1. Is it true that residue 492 is out of contact with any strand residue (DSSP E or B) (no Cβ under 8 Å at 6 or more places or on another chain) and either modelled with pLDDT of 90 or more or closer than 30 Å to residue 554 by Cβ (or both)?
2. Can you pull out the residues in the range 574-586 that are out of contact with any Leu (no Cβ under 6 Å at 6 or more places or on another chain), buried (at least 24 other Cβ atoms within 10 Å of the Cβ) and hydrophobic (A, V, I, L, M, F, W, C)?
3. Since residue 720 meets every condition but one in (1) among the charged types (D, E, K, R); (2) part of a helix (DSSP H, G or I); (3) touching a Pro at 6+ places or on another chain (Cβ under 9 Å), which condition does it not meet?
4. Restricting to the range 287-323, what's the tally of residues that are open to solvent by 30 Å² or more (accessible area, probe 1.4 Å) and either at pLDDT below 80 or in contact with a helix residue (DSSP H, G or I) (Cβ under 9 Å, 6 or more places away or on another chain) (or both)?
5. In this structure, is residue 739 at pLDDT below 90, among the aromatic types (Phe, Trp, Tyr) and outside any loop (DSSP other than H, G, I, E, B)?
6. Determine which member of the set 145, 78, 137 is in contact with a Lys or Arg (Cβ under 9 Å, 6 or more places away or on another chain), hydrophobic (A, V, I, L, M, F, W, C) and either more than 30 Å from residue 228 (Cβ to Cβ) or modelled with pLDDT under 85 (or both).
7. Consider residue 196 carefully, then state whether it is in contact with a Pro (Cβ under 9 Å, 6 or more places away or on another chain) and either crowded, with 19+ Cβ neighbours inside 10 Å or at pLDDT 85 or above (or both).
Amino acid sequence: QGEQAQTPSSWAAKPAAVVTISGILQLRVGWLESICSPSMNVGCRAASSGNRVDLYFAAELETPFGSEVRAVGALSDLGDWRPEDGLSLQTEAGSYPWWTGTLSLLSDTLRTRQVEFKFVIVKPDGMVDWEEGPNRLVGFSNDSLPALQPPVRPQCAPPCQGTKKCGRELFWDAICDSTGIGDILLVVGAAPELGAWDAETALHLETTPRNFPRWTGSICLDVSLSLVVEWKLVIKRSDGTYEWESGDNRCTNLLRGAADEGLVTTVHFGGKCDAPVPRGEMADWGSRLSVPDESGVSRVAGAAQQSILVHADANADVEVVFEATCSRYRPAYNPSERAWCLCLTELGLAQGMHAFHLLVNGERILSDLHPVAGKPEHNLVFVDNDFWSYTHGCKKAHPRQWKRQTRTLDDSTRRHHTAPGGFSPKKLGIVRPMSTSSTASTCSCSSEKDDNQDLAPKPFSAEVFSGLYDEDLRLRLTGVVPPASVLQAQRGRPLQMWSGASRLQKPCGRCEDAYFLADRALGVADGVGSMAQFAKYGADAAAYAMELMELAGDALTGNELCDQPVDIRAEAALIFAERNVQSYGASTVTALVLDADMVGAANLGDSGFMLLRKGEQGMSIVARSEEKQHHWNCPYQLCRLPPALQRRIQGNTRFDSAADCDRYTVQVQPGDLLLVFTDGLSDNIHEHELLQIVDRALPPLFGELAGLVDLATPPAVLAESLARAAQERSLDEKAMVPFAKASKAKGMDCPGGKPDDITVVAAWIMPEVGSS
């Protein structure tokens with residue numbers, strides 16, 4: 001603490017001061033501020049002399065003997081992201097585990113005032129380990145920042161004095177009408193506050209049904225790193241995929257206007273972007289991009305925040321009529337929104353369900369986003385101020401940032417299919433390829449507990465419930481069920497599925513799960529891992545499973561099978577996929593199709609589906625598939641062998657086929673939840689644990705009833721929560737999971753969870769858009 005600040009030449013051999021602030025390590029020396037991961041004590045410092053810029057790198061890393069540490073980044077001197085050409089750092093016996101290195105550059109060769117980089121470990125066998133998290137940034141500015149105290153260990157460092165952060169608040173006002181239900185609009189950029197080009201940690205813009213397609217958000221950027229920020233708009237789809245707007249990166253100059261005044265950027269997704277304007281010059285910036293109304297025709301946009309919003313001309317005659325009391329209310333006109341708004345919380349309505357319709361210039365019309373019921377048809381709204389406050393409080397306290405690892409998707413397919421990864425061979429026989437199958441059928445339909453209460457499972461981590469509501473949601477919805485009139489009104493009408501999926505890979509080996517999503521069809525496939533031993537003959541279970549899903553999805557979204565019963569259509573899709581697949585491998589399969597209010601499913605093996613429905617005490621399982629197995633741990637499965645292996649099989653050997661599948665037909669209704677999954681879920685999660693998670697999700701139907709459609713739980717969030725829960729149990733060596741219980745009943749000892757690939761597809765059943 002009493003030493004002088006280190007000079008650049010000595011800093012290369014000794015790390016800069018590190019200060020712990022709000023759980024992250026913040027390194028600030030000379031002309032640099034760099035945000036570092038708390039799991040790694042690393043950093044980079046910049047110093048300038050004339051037309052040269054010197055970069056000093058330091059990383060505290062424990063490495064295997066014979067390994068190298070390199071800095072790899074977006075400069076040719078840093079390898080242009082090629083680890084083999086990166087800057088090699090050095091260490092000595094007296095300074096290990098500190099690795100340091102220096103790079104000198106001509107300042108006029110730097111395209112920007114920021115350099116992106118990461119540290120990698122190159123092992124003796126040539127394998128490269130990249131550090132996790134977003135790219136690191138080292139930034140330059142013309143003004144020097146105050147020097148810090150000399151180096152100390154992170155846990156001993158006192159708060160840094162005299163390093164006040166210089167920030168500039170940026171506001172985004174974006175128009176994007178390309179999003180669907182559950183999609184999110186992001187601002188992704190080079191600055192750390194915008195995710196450092198990592199969409200998982202980018203700025204989330206917000207909208208509501210009354211504001212859509214306008215999205216807004218703001219953030220404070222540090223101008224000491226850069227005076228110009230590059231960024232782009234990105235749509236995060238409800239299934240976890242990303243859609244980046246085309247064209248060059250957008251740039252915002254942080255020097256415009258007064259330094260202490262925020263800047264507002266107006267932008268259209270994939271279109272024009274106005275120059276940033278100081279907020280003081282745009283007093284109406286929050287309302288200038290209002291939703292356009294349709295000339296001459298009233299349009300009901302729905303409701304949000306316990307209010308009813310009607311888009312109509314200012315001179316229109318608009319009334320909201322509550323049918324039970326024949327009460328009529330005239331909404332207030334909002335010029336900035338070009339809409340009429342009636343706040344339900346100010347009417348003194350009793351808590352509960354209320355029927356209403358709208359009169360616009362004497363014409364009876366209905367809301368697009370409220371459930372429809374009765375004859376004559378009317379809308380229903382659930383009025384509960386406490387529930388409205390609770391849901392918005394949860395959103396504010398626990399925003400859905402979706403900061404989780406997402407599956408890798410194969411962009412070459414026309415629908416959402418998973419792509420194969422690496423594998424590890426297993427030594428199994430050739431007579432019948434077998435997978436480590438599930439025993440979901442051993443779980444009773446009741447919410448059973450573990451037989452041995454002394455082996456109670458560990459609570460799930462907070463990550464499992466990220467993006468969901470807390471346990472109070474089930475209590476607040478106790479006794480609230482969809483009105484019979486709503487269900488009756490929807491009977492026979494077209495329904496659709498709002499679906500999302502999550503796929504998690506097992507700790508070791510290749511991921512062989514696959515799935516597909518469509519508006520009215522879903523499917524999963526679990527490739528048999530033991531086929532990896534025949535890879536030299538051309539067998540590839542992951543490619544086989546993925547191709548089955550693509551073919552089945554094509555069959556179910558075409559028109560060839562429309563005249564068949566739904567269960568026959570699901571089976572026919574599997575038969576079509578089995579006959580036309582070109583890859584070699586083996587896989588269990590499940591396919592499901594929705595037509596009107598009927599769902600047909602075909603299942604072969606130990607994957608499966610569940611139908612859940614909201615009752616007075618929460619969600620319950622009303623239908624589910626059963627596993628189809630030859631015997632314990634030997635499920636039915638489709639199989640296509642390479643010719644070299646086929647010749648070794650006896651001529652009278654019979655293989656399973658899609659015609660052996662079990663078929664199901666179930667009736668669904670708005671508000672239902674469909675789950676389609678591989679055995680990685682059912683082997684590791686008890687039904688009472690699954691219901692514990694599902695009860696924290698707000699179904700879209702109940703969001704519509706309460707005028708909170710924008711706060712419904714996206715299916716991709718729910719699917720990932722279930723997959724994360726199953727993954728945690730699979731890695732718990734002491735958990736009494738369904739697979740362990742079933743194996744014990746068969747006289748086998750398989751303690752703990754069962755590591756496996758885990759795929760979950762979740763789908764909310766909803767009325768077809770426009771069907772009302």
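1. yes
2. Residues satisfying the conditions are 574, 586.
3. The number of the failed condition is (3).
4. Of the residues in the range 287-323, 11 are open to solvent by 30 Å² or more (accessible area, probe 1.4 Å) and either at pLDDT below 80 or in contact with a helix residue (DSSP H, G or I) (Cβ under 9 Å, 6 or more places away or on another chain) (or both).
5. No.
6. Just one listed residue meets the conditions, 145.
7. yes
So that you can scan it fast, the table gives a plain yes or no per residue for (1) open to solvent by 30 Å² or more (accessible area, probe 1.4 Å); (2) modelled with pLDDT of 95 or more; (3) closer than 22 Å to residue 768 by Cβ; (4) assigned to a loop (DSSP other than H, G, I, E, B):
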| residue | (1), (2), (3), (4) |
| --- | --- |
| 609 | no, yes, yes, no |
| 619 | no, no, no, no |
| 648 | yes, no, no, yes |
| 655 | yes, no, no, yes |
| 665 | yes, yes, yes, no |
| 671 | no, no, yes, yes |
| 685 | no, no, no, yes |
| 692 | yes, no, no, no |
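The values are calculated or read from the model by the stated rules, or taken from the named source; none is laboratory data. What you are looking at is a predicted structure, and each value in this text was computed from that prediction instead of being measured. Glycine also receives a Cβ, built like all others from the backbone with ideal geometry; neighbour counts cover every protein chain displayed. Just the protein is used for accessible areas: all its heavy atoms, side chains included, with ligands, DNA and RNA removed. Shrake-Rupley method; radii C 1.70, N 1.55, O 1.52, S 1.80 Å.
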